[in-house]
Structures are given as structure tokens and as C-alpha cells.
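First comes the structure, then the notes that go with it.
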Amino acid sequence: MELAYIPSPSHGVLHLGPIPLRGYAFCIIIGVFLAVWLGNKRWIARGGRAGTVADIAVWAVPFGLVGGRLYHVITDYELYFSEGRDWVDAFKIWQGGLGIWGAIALGALGAWIGCRRRGIPLPAWADAVAPGIAFAQACGRWGNWFNQELYGKATDLPWALHITSSTDGRVPGYYHPTFLYESLWCVGVGFLVIWADRRFKLGHGRAFALYVAAYCVGRGWIEYMRVDDAHHILGLRLNDWTAMVVFVLAVVYIVISSRLRPGREEIVEPRADEDAPAADDETASAEDAAGKDADKSEGRTGDKAESGREGKGEDGTEGDSVDLGKETVTESTTSSESATSSKSAGTASAAESETESGEESEARDEAGSAKKG
């Protein structure tokens with residue numbers, strides 16, 4: 001008996017009344033939300049509009065689910081169309097069975113349709129969502145844990161996965177948790193893409209191509225460890241060959257794209273650039289309005305200051321009043337001087353009159369004395 005191992009859930013579904021809550025579906029849903037959330041943040045950072053990633057995901061996700069299921073059903077057709085099997089099970093996606101290769105291929109078609117409708121380049125959108133897709137895969141792989149599927153060879157490692165189910169040819173025991181290996185690998189791929197994108201300014205689909213190439217490297221050695229039934233070509237599982245081919249295509253795309261279209265897109269969403277000038281115009285209008293208000297305030301302040309200066313006699317009415325007052329004082333002084341001169345003249349005239357009267361009296365006295373003699 002193993003002392004340390006990863007236990008498997010006894011069942012992968014919980015029932016909330018008549019509603020089944022399946023762990024596999026929850027893992028996929030959480031992954032989709034994580035990819036859209038991170039993709040939206042990266043899209044905005046590249047100059048796009050908020051919500052664009054989600055709008056395109058409405059097309060990409062359903063196409064991806066259909067593509068993933070088609071790839072699984074085609075490559076494992078004997079599970080649904082061989083003797084004793086029910087072909088209706090091919091539509092029971094909640095029981096597991098999504099091929100990442102078909103999900104990416106058909107999901108890309110859905111994304112292309114969404115991008116075309118929005119008038120934005122598909123490579124730029126793919127670059128924005130690339131690390132989010134890797135993280136979504138990391139979440140989705142835990143759905144295999146709920147279904148007790150896609151495990152590896154038998155092992156006695158302390159992190160071995162304990163399989164308890166015996167349905168569909170399973171043999172209870174302790175196996176390599178390949179779902180966990182791939183989940184951790186996808187987390188590493190997501191952070192690798194984020195780092196490389198910041199370091200090298202990847203654009204024109206090269207960040208997405210890096211994600212694809214890095215995932216293929218991990219999928220190759222993890223696929224080699226799995227023991228579930230699969231088609232083999234020249235001794236290798238079909239998914240190993242697929243990983244090698246897709247890896248080469250991704251690397252070739254990175255090399256050719258970097259030569260033909262170096263750097264990163266300057267504009268990823270034309271409408272976002274149209275919104276930016278409108279926002280600038282609104283800001284400019286607000287600034288103009290603020291400037292006019294400031295000018296009016298300055299005008300009112302200037303008028304008050306000018307009135308104040310006039311009140312203080314700097315150059316206004318009160319200054320004129322003071323000047324008039326000065327002229328009045330001058331005129332009053334002149335009038336006083338004239339009055340004083342008049343008084344002096346009158347005094348002189350009176351003195352002369354008294355002198356003349358005295359002389360006349362003396363002349364009369366002298367005349368009277370002469371008569372008497």
C-alpha cells in the first residue's frame with residue numbers, strides 16, 4: 001500500500017436536486033473565464049477596447065468545443081462506432097474527450113470570423129489571448145482528474161495518482177498523474193509567453209506561435225507516458241506525431257514572421273484609436289471651458305481692482321474730486337488776498353480823505369483870521 005499518493009474523487013458529478021454539477025464542465029468553464037479575463041487585460045494594454053476579447057470569444061469558444069470534440073471522436077472513433085457502442089455517446093461532451101488540436105484549429109476559425117466582424121487582425125488578438133489559453137488548459141486538465149482518465153504508466157512515486165474506477169477497461173492502481181504534469185507545464189508555458197512578450201515585444205501572431213511551440217514540447221513527453229488506448233504510427237502515438245508537426249510549423253512561422261513583419265502592431269483596433277481623439281476632444285473642451293471660466297474670473301477681479309484703484313484716487317473720480325478741491329482752495333485763497341487788498345485800498349483812501357479835510361479846515365481858519373485883522 002502506498003503511503004503517499006494523489007487520491008481520485010469517487011465520482012465526478014454532484015447533484016443539486018435534478019441539476020447535475022459536473023467537475024469536468026466546471027474546469028472548462030473556469031478556464032474559459034480565466035482566458036477571457038487575462039486576454040482582455042492584455043488586449044487593453046496593446047491599445048484595444050475593453051470587451052473585444054469577450055465578443056470574439058463568443059465565436060471562438062463554441063467553435064473550439066466542437067473542434068475539440070470532433071478531433072477526439074475522429075481519432076478514437078472505435079469508442080463510439082464499433083460494435084456494442086452507442087454513437088449517441090459522441091455528443092456527451094461532459095464525459096470527457098476534447099482534443100486540443102481540434103479545439104485550437106476550429107477555435108481559430110471561430111476567432112477569425114469574430115475578428116473579421118470587428119475589423120481587427122486575428123494575429124494581434126491571438127497574441128493577446130495566448131497565455132490565457134495556456135492557463136485555461138491548465139484548469140481544464142483537472143477535469144481529467146474528476147473523470148479518472150488520461151493517466152500515465154504505473155509508478156510508486158509519492159505523487160502517484162490512485163485510480164479506483166474499473167469502468168471502460170481501467171485497472172485500479174497507482175499511476176503517473178499525467179493530467180497534473182500537463183497542467184503544471186501549461187502554467188509554465190503561460191508565464192513563458194508573458195515574459196517573452198514583454199522582453200521581445202512579440203507581435204503579428206508570434207506570441208501565440210510561441211505558446212503553440214512550447215506546449216508541443218511538453219505534450220510530446222507527457223503523451224509518451226500515457227497508457228490509454230491510442231492509434232500508433234511507426235511506434236509513436238498519434239498525438240506525438242501531431243505535436244512534432246505542429247511544433248515545426250509554429251517555429252517556421254516565428255522565423256518567417258519576424259523577418260517579414262518585425263516588431264509589434266502599432267494599431268490593433270482602429271475603433272479604439274477613433275475613441276481616443278474623441279476623448280481628447282472632450283478633454284480639450286473641458287479645458288477650454290475651464291479657461292473661459294478663469295478668464296471671466298480674472299475679468300471680474302480686474303474690474304474690482306480697477307474700481308478699487310479709482311476709489312483710492314490713483315486715476316479715477318475721487319482723484320478728480322481731490323483736484324477740484326485743490327482748485328477751490330486756491331480760488332478761496334485768491335479771493336481772500338483780493339479782499340485784503342480792497343481793505344488796504346479803502347484804508348488808504350480814508351486816510352487821504354481825512355488829510356484833505358484837515359488841510360481844508362486849516363485854510364478856512366487862516367482866511368477867517370485875515371478878515372479879522
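The values are calculated or read from the model by the stated rules, or taken from the named source; none is laboratory data. Just so it is clear, the structure is predicted and the values come from calculations on it, not from any experiment. Note that we place each Cβ from the backbone using ideal geometry, even for glycine, and neighbour counts take in every protein chain shown. Side chains included, ligands, DNA and RNA excluded: accessible areas come from the protein's heavy atoms. Shrake-Rupley method; radii C 1.70, N 1.55, O 1.52, S 1.80 Å.
Could you count how many residues in segment 7-19 are in contact (Cβ under 8 Å) with a residue 40 or more places away in the chain and either open to solvent by 40 Å² or more (accessible area, probe 1.4 Å) or touching a helix residue (DSSP H, G or I) at 6+ places or on another chain (Cβ under 6 Å) (or both)? Here the count works out to 4. Would you pick out the residues in segment 2-53 that are under 30 Å from Gly173 (Cβ atoms), small (Gly, Ala, Ser) and at pLDDT 95 or above? Once the filter is applied, which keeps residues that are under 30 Å from Gly173 (Cβ atoms), small (Gly, Ala, Ser) and at pLDDT 95 or above, segment 2-53 yields only Gly31.
The numbered conditions (1) of a type outside the set (S, T, N, Q); (2) over 24 Å from Leu202 (Cβ atoms); (3) open to solvent by 50 Å² or more (accessible area, probe 1.4 Å) are all true for Arg116 except (2).
To keep it simple, each residue is scored yes or no on (1) surrounded by 20 or more Cβ atoms within 10 Å (Cβ to Cβ); (2) touching a Cys at 6+ places or on another chain (Cβ under 7 Å); (3) not in a helix (DSSP H, G or I).
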{"position": "Ala25", "(1), (2), (3)": "no, no, no"}
{"position": "Ala57", "(1), (2), (3)": "yes, no, no"}
{"position": "Leu65", "(1), (2), (3)": "no, no, no"}
{"position": "Tyr71", "(1), (2), (3)": "yes, no, no"}
{"position": "Leu79", "(1), (2), (3)": "no, no, no"}
{"position": "Gly84", "(1), (2), (3)": "no, no, yes"}
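Val53 falls short on exactly one of the conditions (1) crowded, with 16+ Cβ neighbours inside 10 Å; (2) part of a loop (DSSP other than H, G, I, E, B), and that condition is (2).
For Ile133, state whether it is at pLDDT 95 or above, over 30 Å from Pro9 (Cα atoms) and open to solvent by 30 Å² or more (accessible area, probe 1.4 Å). It would help to see each step written out before you state the result.
Values: at pLDDT 95 or above: yes; over 30 Å from Pro9 (Cα atoms): no; open to solvent by 30 Å² or more (accessible area, probe 1.4 Å): yes.
Taking the combined requirement at face value, the residue does not satisfy it.
Taking the condition within 22 Å of Leu122 (Cβ to Cβ) and either open to solvent by 60 Å² or more (accessible area, probe 1.4 Å) or touching a helix residue (DSSP H, G or I) at 6+ places or on another chain (Cβ under 8 Å) (or both), does Ala90 pass?
In short, no.
Selection of segment 204-235 for residues being open to solvent by 40 Å² or more (accessible area, probe 1.4 Å), under 18 Å from Ile74 (Cα atoms) and either touching a Gly at 6+ places or on another chain (Cβ under 6 Å) or of a type outside the set (D, E, K, R) (or both) yields His231, His232, Ile233.
When Thr178 is tested against (1) among the β-branched types (Val, Ile, Thr); (2) out of contact with any Asp or Glu (no Cβ under 9 Å at 6 or more places or on another chain); (3) touching a residue at least 24 places away in the same chain (Cβ under 8 Å), just one condition goes unmet, and that condition is (2). Under the condition of being within 25 Å of the chain's Cα centre (by Cα) and either open to solvent by 80 Å² or more (accessible area, probe 1.4 Å) or at pLDDT below 95 (or both), the residues counted in segment 166-203 number 6.
For segment 89-107, the criterion of being assigned to a helix (DSSP H, G or I), free of Cβ contacts under 8 Å to residues at least 40 places away in the same chain and more than 24 Å from Tyr24 (Cα to Cα) is met by no residue.
Taking the criterion of being outside any loop (DSSP other than H, G, I, E, B), of a type in the set (Gly, Ala, Ser) and out of contact with any Gly (no Cβ under 9 Å at 6 or more places or on another chain), the only residue of segment 109-146 that qualifies is Gly114.
Pairing residues of segment 220-244 that are on the phi < 0 side of the Ramachandran plot with residues that are of a type in the set (Lys, Arg) and open to solvent by 70 Å² or more (accessible area, probe 1.4 Å), at Cβ distances under 6 Å and at least 6 apart in sequence or on separate chains, gives Met225/Lys153; Val227/Lys153.
Can you find a residue in segment 147-157 that is surrounded by 18 or more Cβ atoms within 10 Å (Cβ to Cβ), assigned to a helix (DSSP H, G or I) and either within 25 Å of the chain's Cα centre (by Cα) or in contact (Cβ under 8 Å) with a residue 12 or more places away in the chain (or both)?
yes
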